[in-house]
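Participant: Just passing along the structure, written as structure tokens.
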Amino acid sequence: MKSNVTPMPIPGMPAAPDTGTLKGFLRFLAQELKPRGKILTPFNVVTGIIILGGIAIIAVRFARGLGAVTNLSQAYPWGIWIGFDVVTGVAFAGGAYILTFAVHILKVKKYEPIVRATVLNGFLAYVFYSGALLLDLGRPWNVVNPIIGNAFGYGSVLFLVAWHFLLYTLVLFVEISPAIADWLKWVKAKRIIQKVTTATIIVGVTLSTLHQAGLGGLFLTAPSKIHPLWYSSNIPVLFFISSMFAGFSMIIIESMFTHRIFSDRLDEAHRASHNKILLGLAKGSASVMAAYLFLKVIDLTHGHQLGLLRTPMGYWYLVEVAGFTLLPLVLYVVAIREQSVRLVQGTAILTAIGVILNRLNISVIAFKWYEAVRYYPSWMEIWVTLAVISMELWVFRWVITRMPILGAPPDFTAEEGTLNNLDNAEVVRWKVSSSWKVSAS
Amino acid sequence: MTISRRNFLKVAGAAGGVLLAGGAKSARTAQTPQTSSEAVEFNGMLIDTTKCIGCRACEEACNEANKLPKPKVSFSSESVFEGKRETTPDAYVVVNRFPNGKNPDKPVFVRRQCMHCVEPSCASACLCKAMEKMPEGPTVYHKDRCMGCRYCMISCPFDIPKFEFDSASPFVRKCIGCYDRVAKGEQPACAEACPEGATLFGKRRDLIEEARKRMYGNPDRYRQRIYGEHEVGGTGYMYLSAVPFRTIGFRIDLGTKHYPELTSGFLSAVPLVDILWPAVLFGFNYLISDREEERGKESGDEE
């Protein structure tokens with residue numbers, strides 16, 4: 001792309017790498033890709049070993065088939081790569097849609113400081129978990145068939161899930177791209193993105209609703225295989241609702257770590273408002289959990305399954321529903337009354353365990369509970385899962401330490417003011433030019 | 001804020017776009033059975049377990065017809081009856097032996113293979129149409145389309161599709177009802193090979209007539225039930241038995257609902273959500289933007 005507009009000198013701007021030209025952009029990228037800080041930290045060593053080992057296992061998996069590294073069998077075609085990586089991981093990515101909805105549609109400004117971190121988390125979760133899905137597919141090179149192939153299985157819930165998965169990942173990219181534009185100082189690109197923000201978020205919330213529900217909908221086709229305490233025609237609704245408190249609890253947990261580890265990236269306003277934000281998230285989580293438990297009770301009584309509670313699977317069901325959903329709900333209410341941020345944080349962990357239990361129960365544990373030989377993951381399946389999480393954490397850290405995610409975004413209004421004072425002709429030329437070269441230099 | 005024409009068009013356009021996209025998808029969500037084609041009639045198989053002697057000729061014929069690898073234990077060996085066998089990627093049909101509650105001297109032999117459901121769950125579950133129901137009756141597998149997600153295995157109420165877990169380029173494998181032979185007007189290899197006439201191939205409705213004739217004509221010999229007539233909305237391959245089906249390895253808790261119906265309710269809600277959610281959310285957004293603006297004005301006046 002060529003532009004006939006010379007970069008305009010903008011007074012008062014510090015000298016920054018010229019990301020407007022391809023050469024400058026590449027140099028900037030190379031400079032940013034370099035690791036910063038100490039390399040041989042305990043965290044880096046441990047996750048580094050996990051990632052290297054994971055890559056080796058993945059190589060074996062592609063050379064010799066799924067059977068070589070997983071405990072999957074004809075009776076249990078799906079294991080933790082689906083049940084944990086995809087089904088559970090996507091639930092935890094739910095924070096992105098619920099928070100963008102609150103901030104951009106309901107205009108609850110209070111949560112604005114945490115939107116970017118949450119959206120980043122959601123985006124990376126989708127990218128890495130869809131990556132993990134490719135590991136589990138027997139013939140991943142055919143993954144494009146339902147997208148661009150000639151074989152559209154319209155009648156399949158998985159078709160719906162695949163499309164919404166793909167589109168929502170793109171939406172999340174658009175939602176996180178203002179941070180990328182800030183990082184590259186592409187003022188014009190940022191302004192274009194901001195114009196479509198509302199529409200993007202509305203599309204994102206819609207896609208998420210169906211995508212989260214659709215993941216539950218997948219299991220509707222297995223009424224004779226999932227334990228009756230977990231099987232319900234309401235699974236899609238239950239998955240959708242629980243993705244909200246999964247998202248809330250994940251935001252709380254994530255902020256516990258980011259605030260400790262990246263405290264230098266936080267600005268004062270963010271720090272001051274943080275306790276209020278956490279208590280607000282706890283309130284949101286508690287009300288959604290109450291609705292969820294209400295639906296659970298309806299399912300239980302309408303299905304006449306109360307007797308099943310007195311079986312081993314019934315006790316396990318109570319561990320999940322009473323121990324890790326009802327109890328956290330009560331604790332959240334206590335935490336809100338006592339204004340205790342610490343209790344909110346502890347409860348968020350309990351809630352997250354509850355969501356993990358629920359997703360694993362439906363996809364793995366209560367699935368074919370009657371089989372004599374049960375599935376349990378192999379150490380290699382667990383290792384690869386840890387490797388995927390480690391890789392995501394590395395990328396998360398890289399982005400956090402380079403882009404304005406936690407702190408306030410840089411203020412470009414000074415430049416915009418300059419632009420407004422320019423000759424009309426200059427402004428017109430600025431607007432007409434479609435080249436990305438014409439960003440701030 | 002007054003609703004300007006531009007804003008109205010924006011919302012209308014967005015809603016319309018979603019409507020179009022959603023509508024096109026929903027029109028096809030309820031998979032209609034492809035059996036309505038008048039030229040061909042739906043085929044099936046009637047398996048009379050009272051006639052089966054466990055000779056495994058069907059297994060051998062299937063192995064040859066589908067060019068499957070030879071098994072370690074020969075087809076004439078009875079040792080395989082010691083345990084219960086499932087079909088495998090290399091054995092599309094297996095015969096199992098069950099004790100006979102009515103007559104302990106005469107064990108019951110039951111063959112197990114794809115049931116070729118009238119409305120198969122696997123075909124509706126497949127997101128790239130690798131599993132497909134043919135008008136002639138068989139549910140076939142297009143290996144070139146499959147991505148190996150194994151959702152068909154999750155969805156099949158009879159646990160029939162099997163996956164090549166030990167291959168780097170794996171396929172899903174199951175009985176395809178000898179589709180090539182059936183399309184040419186021949187019968188499947190297993191039916192042709194059966195020496196006892198325990199496996200009868202034909203039009204599904206003729207088979208149901210035949211089954212009724214046998215049951216009514218010989219009420220002491222048969223249970224008054226055709227397994228597969230109504231199970232999961234009907235299957236192409238059906239069974240007769242002398243003893244309760246529960247005792248010879250059949251699940252009797254599968255219900256009579258077509259399996260695709262289990263998800264059709266959810267799928268039909270998809271276009272509704274796709275249309276209504278954005279409309280409602282845009283509405284919210286405008287509503288709240290207006291309120292925010294007014295608040296801004298009010299506080300401005302006070303100052």
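Participant: Every residue in segment B:108-127 that is in contact with a helix residue (DSSP H, G or I) (Cβ under 7 Å, 6 or more places away or on another chain) and closer than 13 Å to B:THR235 by Cβ, please.
Facilitator: Passing the criteria: B:CYS117, B:VAL118, B:GLU119, B:SER121, B:CYS122.
Participant: May I ask you to list the residues in segment A:321-374 that are of a type outside the set (A, V, I, L, M), closer than 20 Å to A:SER255 by Cα and surrounded by fewer than 21 Cβ atoms within 10 Å (Cβ to Cβ)?
Facilitator: Of everything in segment A:321-374, those that are of a type outside the set (A, V, I, L, M), closer than 20 Å to A:SER255 by Cα and surrounded by fewer than 21 Cβ atoms within 10 Å (Cβ to Cβ) turn out to be A:GLN339, A:SER340, A:ARG342, A:GLN345, A:GLY346.
Participant: Are any residues in segment B:137-168 more than 19 Å from B:ALA91 (Cα to Cα) and of a type in the set (Ser, Thr, Tyr), and if so, which ones?
Facilitator: B:TYR151, B:SER155
Participant: When you scan segment A:176-185, do you find a residue that is at pLDDT 90 or above and farther than 30 Å from A:GLY407 by Cβ, even just one?
Facilitator: Scanning segment A:176-185, I find no residue that is at pLDDT 90 or above and farther than 30 Å from A:GLY407 by Cβ, so the answer is no.
Participant: Among all residue pairs at least 6 apart or on different chains, which show Cβ distances below 8 Å where the first residue, located in segment A:285-304, is under 20 Å from A:SER243 (Cβ atoms) and the second is surrounded by fewer than 14 Cβ atoms within 10 Å (Cβ to Cβ)?
Facilitator: Note: no pairs meet the criteria.
Participant: Let me ask something else. For segment A:87-180, which fully contained helices (runs of 4 or more DSSP H) count at least 3 residues that are within 11 Å of chain B (Cβ to nearest Cβ)?
Facilitator: Passing ranges, in order: A:112-136, A:145-148.
Participant: Since A:ILE353 meets every condition but one in (1) part of a helix (DSSP H, G or I); (2) modelled with pLDDT under 95, which condition does it not meet?
Facilitator: Failing condition for A:ILE353: (2).
Participant: Examine segment A:205-228 for a residue that is within 10 Å of chain B (Cβ to nearest Cβ), among the hydroxyl-bearing types (Ser, Thr, Tyr) and in a loop (DSSP other than H, G, I, E, B), and state whether such a residue exists.
Facilitator: Yes, the conditions are met somewhere in segment A:205-228.
Participant: For A:ILE176, indicate whether it is more than 29 Å from A:VAL384 (Cα to Cα) and of a type in the set (Val, Ile, Thr).
Facilitator: Criteria not met by A:ILE176.
Participant: Sticking with this one: Being without any contact (Cβ under 8 Å) to a residue 24 or more places away in the chain and either exposed (fewer than 12 other Cβ atoms within 10 Å of the Cβ) or of a type in the set (S, T, N, Q) (or both) is the filter; apply it to segment A:18-32 and report the residue that is nearest to A:ILE261 (Cα to Cα).
Facilitator: Of everything passing the filter in segment A:18-32, A:GLN31 is nearest to A:ILE261 (Cα to Cα).
Participant: Additional query: Give the residue, chosen from B:ARG291, B:ARG295, B:ARG251, that is of a type outside the set (Val, Ile, Thr), more than 8 Å from every other protein chain (Cβ to nearest Cβ) and over 21 Å from A:ILE201 (Cα atoms).
Facilitator: Being of a type outside the set (Val, Ile, Thr), more than 8 Å from every other protein chain (Cβ to nearest Cβ) and over 21 Å from A:ILE201 (Cα atoms) holds for just one of B:ARG291, B:ARG295, B:ARG251, which is B:ARG295.
Participant: Given the criterion more than 9 Å from chain A (Cβ to nearest Cβ), in a helix (DSSP H, G or I), within 30 Å of A:LEU160 (Cα to Cα) and at pLDDT 90 or above, identify the matching residue among B:LEU267, B:LEU262, B:LEU272, B:LEU281.
Facilitator: Working: B:LEU267 fails: more than 9 Å from chain A (Cβ to nearest Cβ); B:LEU262 fails: more than 9 Å from chain A (Cβ to nearest Cβ); B:LEU281 fails: more than 9 Å from chain A (Cβ to nearest Cβ).
Criteria check complete, one pass: B:LEU272.
Participant: Of the residues B:LYS102, B:LYS84, which is over 27 Å from the mean Cα position of the chain (by Cα) and modelled with pLDDT under 95?
Facilitator: Numbers: B:LYS84 fails: over 27 Å from the mean Cα position of the chain (by Cα).
Only one candidate passes the filter, namely B:LYS102.
Participant: Within the set of pairs 6+ apart or on separate chains, which have a first residue in segment B:160-185 that is closer than 18 Å to B:PRO120 by Cα, a second that is of a type in the set (Phe, Trp, Tyr), and C-beta atoms under 7 Å apart?
Facilitator: Cβ pairs passing all conditions: B:VAL172/B:TYR141; B:VAL172/B:PHE163; B:LYS174/B:TYR92; B:LYS174/B:TYR141; B:CYS175/B:TYR92; B:ILE176/B:TYR141.
Participant: Then there is this: Testing B:VAL232 on (1) under 17 Å from B:GLN113 (Cβ atoms); (2) part of a loop (DSSP other than H, G, I, E, B); (3) within 19 Å of the chain's Cα centre (by Cα); (4) of a type outside the set (Lys, Arg), one condition comes back false. Which one is that?
Facilitator: (2)
The values are calculated or read from the model by the stated rules, or taken from the named source; none is laboratory data. Keep in mind it's a predicted model, so treat the numbers as computed, not measured. Virtual Cβ from ideal backbone geometry, glycine too; neighbours counted across all protein chains shown.
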